[in-house]
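The values are calculated or read from the model by the stated rules, or taken from the named source; none is laboratory data. Nothing here was measured: the structure is a model prediction, and the numbers come from that model. Every residue, glycine among them, receives a Cβ derived from its backbone with ideal geometry; neighbour counts consider all protein chains shown. Areas reflect the complete protein model, heavy atoms only, side chains present, ligands, DNA and RNA absent. Shrake-Rupley method; radii C 1.70, N 1.55, O 1.52, S 1.80 Å.
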Amino acid sequence: MGIELASASRVAAVKERTPVIATLCSHSSLQIFHGARHEGLGTLGIAVGKPPRFYEAFPLARPDRFLSLPKLAELGRHAATLQREGAVIVPTGSFVEYLGPTAFNALEVPVFGNRKVLGWESDREKEREWLEQAQVPMPKKFANLDAVDGPVIIKYYGAKGGKGFFLAKNPEELADFRPTGPYVIQEYVVGTRYYVHFFYSPLSEDGYRVRHGSIELLGMDRRDEANIDELYKLGAQEGLRRAGIRPTFVVTGNVPVVLRESLLPQVFDVAARIVDTSVDLFGGMVGPFCVEGIVTEELQFKVFEISTRIVAGTNLFPSGSSYSDLVAPQLSTGRRIALELKRARAEDRLGEVLS
Ligand code: ATP
């Protein structure tokens, strides 16, 4: 028996009736509903205002029904009904951000995964503490602006999508930096970015074992980030700066990638350490997560961020990726969530995957 994240009473309805996978109509909802339907589970789309029309275009990923709310904050008022109906919320980045961490934590509906992870992911200092304890390679951190000795990326606390990040190629360029809030100064790692999609099952005893359970590699992507990814077309940075154009990192899409095979041992090792440490720190980062890193020319994978729930890059693979095809056929992250839920239910271990 593993670590209990939810009480028997919280998950009782999920045990008694066919679970209903519920999520916000955004982010990775198509894939989550598609995977749940594939596994014979119910589906509920939570919409703010009218349900988006794009579901009409994707019949295999349309939820069975919608819950339309004037604003997401109203969700709490429906919690008792949702819980009775056997709903399981699959949290996405959008869901947690729009609902807010306090309301998310207070929600009386079972959530897939461990809600405690939020406190460790949303705070840059705590996330670093977690990664340092896991002993994974990371970009160097500078204590203050005077300590900078090379290219840096300055990140504001809580920034989403790299909002307002400042880049400096050398200490001189820091003269232009005008902080607008608390920030961290990180080495700018020159290399190639990879966003690696994993799934941690505390129930599984097959595959790549970690201390409690195992991890699976389900896919990989690279994010398209506006405007930085296309800035090179406009020429050198100095000229851009003079023209008032500053690099930004707003994600606009995703492209599939695979990693040089000889780097796979490194990323599995990193992911396993992160999971094992998460178990020690807060009971485990259960379910999908993404390790985001940069491979340098010395072939070292340096982790700059972890996303602790399903990432939108998994939308590339509704019927499998170059990696998940080697785990099981037609295995998306959405379907993997549904499979884990079904297994936990069959083995009477729902409290280990829901919180
Ligand atoms: P989100 O919450 O959307 O993941 P965020 O605001 O936490 O974003 P990061 O994910 O840390 O920001 O970084 C945003 C982007 O900045 C990355 O996708 C990457 O392109 C770039 N980046 C981040 N850290 C580094 C680094 N140390 N060196 C080089 N580039 C970096």
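Within segment 129-139, being exposed (fewer than 15 other Cβ atoms within 10 Å of the Cβ) and either among the hydrophobic types (A, V, I, L, M, F, W, C) or free of Cβ contacts under 8 Å to residues at least 40 places away in the same chain (or both) holds for GLU129, GLU132. Among the residues of segment 169-182, those that are more than 13 Å from the ligand (Cβ to nearest atom) and either part of a loop (DSSP other than H, G, I, E, B) or exposed (fewer than 13 other Cβ atoms within 10 Å of the Cβ) (or both) comprise ASN170, GLU172, ALA175, ASP176, PHE177, ARG178, PRO179, THR180, PRO182. In segment 21-114, counting only helices (runs of 4 or more DSSP H) that sit wholly within it, the ones holding 1 or more residues that are more than 17 Å from LEU339 (Cα to Cα) and open to solvent by 30 Å² or more (accessible area, probe 1.4 Å) span 79-84, 93-99, 101-106. When only residues in segment 140-158 that are buried (at least 16 other Cβ atoms within 10 Å of the Cβ) and within 28 Å of THR92 (Cβ to Cβ) count, which is farthest from the ligand (Cβ to nearest atom)? Step by step, filter segment 140-158, then rank; the result is ILE154.
When segment 244-260 is filtered for residues that are open to solvent by less than 70 Å² (accessible area, probe 1.4 Å), touching a helix residue (DSSP H, G or I) at 6+ places or on another chain (Cβ under 9 Å) and more than 17 Å from LYS163 (Cα to Cα), the ones remaining, listed by number, are ASN254, VAL255, LEU259.
Candidates are the residues of segment 183-230 that are farther than 30 Å from GLY351 by Cα, in contact (Cβ under 8 Å) with a residue 12 or more places away in the chain and not in a strand (DSSP E or B); the one that is most open to solvent (accessible area, probe 1.4 Å) is VAL190.
Checking each residue of segment 323-339 against the condition of being away from the ligand (no atom under 16 Å from the Cβ) and more than 20 Å from GLY207 (Cβ to Cβ) gives no match. Mind checking which residues of segment 324-355 are touching a residue at least 24 places away in the same chain (Cβ under 8 Å) and open to solvent by 30 Å² or more (accessible area, probe 1.4 Å)? The answer is VAL327, GLN330, ARG335, LEU339, LYS342, ARG343, ARG345, GLU347, ASP348, ARG349. Scanning segment 292-308 for residues that are of a type outside the set (Phe, Trp, Tyr) and open to solvent by 30 Å² or more (accessible area, probe 1.4 Å) yields GLU297, GLU298, LEU299, GLN300, LYS302, GLU305.
Screening GLN135 against (1) modelled with pLDDT of 95 or more; (2) assigned to a loop (DSSP other than H, G, I, E, B); (3) within 20 Å of the chain's Cα centre (by Cα) leaves a single unmet condition, (3).
Across segment 199-229, what is the number of residues that are within 16 Å of the ligand (Cβ to nearest atom), charged (D, E, K, R) and touching a helix residue (DSSP H, G or I) at 6+ places or on another chain (Cβ under 9 Å)? Result for segment 199-229: 4.
Only a single item in (1) over 21 Å from LEU341 (Cβ atoms); (2) outside any helix (DSSP H, G or I); (3) without any contact (Cβ under 8 Å) to a residue 60 or more places away in the chain is not met by GLY162, and it is number (3).
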